[in-house]
1. Carbon and sulfur together cover what percent of the accessible area of the stretch A:47-106 at a 1.4 Å probe radius?
2. Which of the pairs A:LYS104/A:LYS181; B:LYS20/B:LYS279; A:LYS11/B:LYS99; A:LYS10/B:LYS103; A:LYS156/B:LYS97; A:LYS110/B:LYS97 have their Cα atoms more than 26 Å apart in this structure?
3. Can you grab the distance from the C-alpha centre of the stretch B:94-172 to the C-alpha centre of the stretch A:50-92, Å, no decimals?
4. Quick one: net charge around A:SER138, please, counting Lys, Arg +1 and Asp, Glu -1 for every other residue with C-beta under 15 Å from its C-beta.
5. Hey, can you list the residues from the stretch A:93-112 whose accessible area shrinks by 30 Å² or more with all protein chains present, relative to the chain by itself (probe 1.4 Å, no ligands or nucleic acids)?
6. Using the Cα atoms as the points, what is the convex hull volume per residue of the stretch B:197-282 in Å³?
7. Which angle from 0 to 90°, rounded to the nearest 10, does the C-alpha axis of helix A:91-100 make with the longest principal axis of chain A?
8. If you take the accessible area of A alone plus B alone and subtract the pair, what total do you get in square angstrom, rounded to 100, with a 1.4 Å probe?
Amino acid sequence: MGIQIQNISKKFGTYTALDQIDLTVPSGELVALLGPSGSGKTTLLRIIAGLETPDTGSIHFNGEVATQRHVRDRRVGFVFQHYALFQHMTVFDNIAFGMTVKPKAERPDKKHIRKRVNELLLLIQLDNMADRFPSQLSGGQRQRVALARALATEPKVLLLDEPFGALDAKVRLELRRWLRKLHDEIHVTSVFVTHDQEEALEVADRVVVMNQAKIEQIGTPEEVYDHPATPFVFNFLGHVNLFHCRESDDDQAVAIACLNGIDTGTVGYVRPSDICIRRNAEAADDIAAEVIFIQGAGALPHIELRRLDNGETVHAELPRDQYRQLGLKTGEQVFVHPTNVRVFAPNYQI
Amino acid sequence: MTTKTATLSSTSHQALTEPKAVRWLLTGLALAFLVLFLVVPLAAVFVQALEKGLDAYWAAIIEPDALAAIRLTLIVAGISVPLNLVFGISAAWAITKFKFRGKAFLITLIDLPFSVSPVISGLIYVLLFGLQGWLGPWLSAHDIRLIFAVPGIVLVTIFVTFPFVARQLIPLMQAQGVEEEEAAMVLGASGWQIFFRVTMPNVIWGVLYGVILCNARAMGEFGAVSVVSGHIRGLTNTLPLHVEILYNEYNFVAAFAVATLLALLAILTLVAKALLEKKVRH
């Protein structure tokens, strides 16, 4: 089921949480709402669920207006950041809850409920834990139970509010891959909120980047990462180096590194992995810099340098073999050369 | 190696506690205080009650006026506790799970009975419903008697014991938040289903705890009840009032015999409370 969001605004007192949001979630897609805390992403998710009422605008499910529909009639599944499992119920009863509260006429019989819960327990790989209580489970297990509980009523839309936010790094990684696999199997339209760009880029079909109550960019993970529409998106999706542009040639990349000319106020954005480090100046716009810190562990060794001309810091990430070849040491003088420079209109602020 | 760890652990243990003398002194002081102010008076009640033997003790309790006082106390508690259970749960539910105007005012109102002296509470009812009171003429015209009658006693008891259940539940329900209720709502549960299947099971021990305290106060209330009851023997005397009357008549054995009933109630309440606390912690 597709979701259409039209012109949604929401204020809490004087604080604007959402400002005229338009968004379409195509049927069967897994969409990530990505943004820093306070960007309005959770509020948007709660409005889709019906847990919050928008001040203006409307929500449509498959073209039908759902704005006035009560939460319990929207047929959405919701997964909370802190699981919100029913503490006094077993795993089995938690998952069965949605089915057992249906009106008598619609309620499946006991045998059917049992069968469905067992299916879901197999799906979340907790089939031997049906009689445990939530307090006897680990965080990752709890979140899987919460997901099974949300799926039990066969919702048309699955909404997840920072589903992996409370888990440790390793479990997070496993669980988000599992969620991706699960989505490929059941294809329920899903929206999940996260502030972790890695998570959004890895799991989602489409990423919606939000900032200060507005949507900055909507696109596939490749689109938002490789072609960020705004400085904010560029900055939020990874580390970034800023280079103040100088007035000279029309070629952006050269203009930025050019040491002569007048500062035009334009800023060039370069990812640390797009910074070249070499021992000898090879181009006119190479910048002399001193190595001040090396973090050699990890997939991409991280080098911190200080420009000799204006003292600004430059972050670089090198592939391991290149890092070994260069054999950099702290205090050494080298040359950096930015590539893949992105320039945005000068009035933009991060 | 073993000796080394042993010395280490004993020194670190010593570092965390006070010298022996200080520990004994503090414990001794606390115990002495407890014995002097709680155990001795309680024992005195039983000693006085049994001074003239078990027969006299028993006679004081099965005497008709005493039995009437017991009956009335049970009736008053039997009416006010269930009512305050309903009021308390509704108030706590409304305050913790919903947003509305005047919430702070409602919380203040719930605390009012605790902040007003019980005697004043009783006087307010006399002023309102007594013969000379604002509603008195209307009530007597319709032949309704509240003051110096059982309904008045029930009313003041409800007033005085109102905060117990609500006060017990509000922090508990506040700490639990609304996430579980929201989860139930998204899953399609109705308001009643949420209340009985999600909210109540989470606070049931808190509710029982509140009921125990509420009951103890309802049975033991003296000041407010004393003002509105009129002390009519066999009719409007609750147990605490009966004790006072007997005592004023220098009938010490009977007074203390009836007092032992209240003392036993207090002990029972404390035991029940301790058991519940143990249960809640698990």
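1. 47
2. With Cα atoms farther than 26 Å apart: A:LYS104/A:LYS181; B:LYS20/B:LYS279; A:LYS156/B:LYS97; A:LYS110/B:LYS97.
3. 40
4. After counting each charged neighbour, the total is +3.
5. Checking the loss per residue gives A:PHE97, A:VAL101.
6. Dividing the Cα hull volume of the stretch B:197-282 by its residues yields 110 Å³.
7. 70
8. That pair of chains buries around 1800 Å² in total.
The values are calculated or read from the model by the stated rules, or taken from the named source; none is laboratory data. From a predicted model like this one, the values you see are computed outputs, not experimental measurements. Cβ coordinates were reconstructed from backbone atoms using ideal geometry, including for glycine residues, and neighbour counts include every protein chain displayed. Quick note on the areas: whole protein, heavy atoms, side chains included, nothing else; ligands and nucleic acids left out. Shrake-Rupley method; radii C 1.70, N 1.55, O 1.52, S 1.80 Å.
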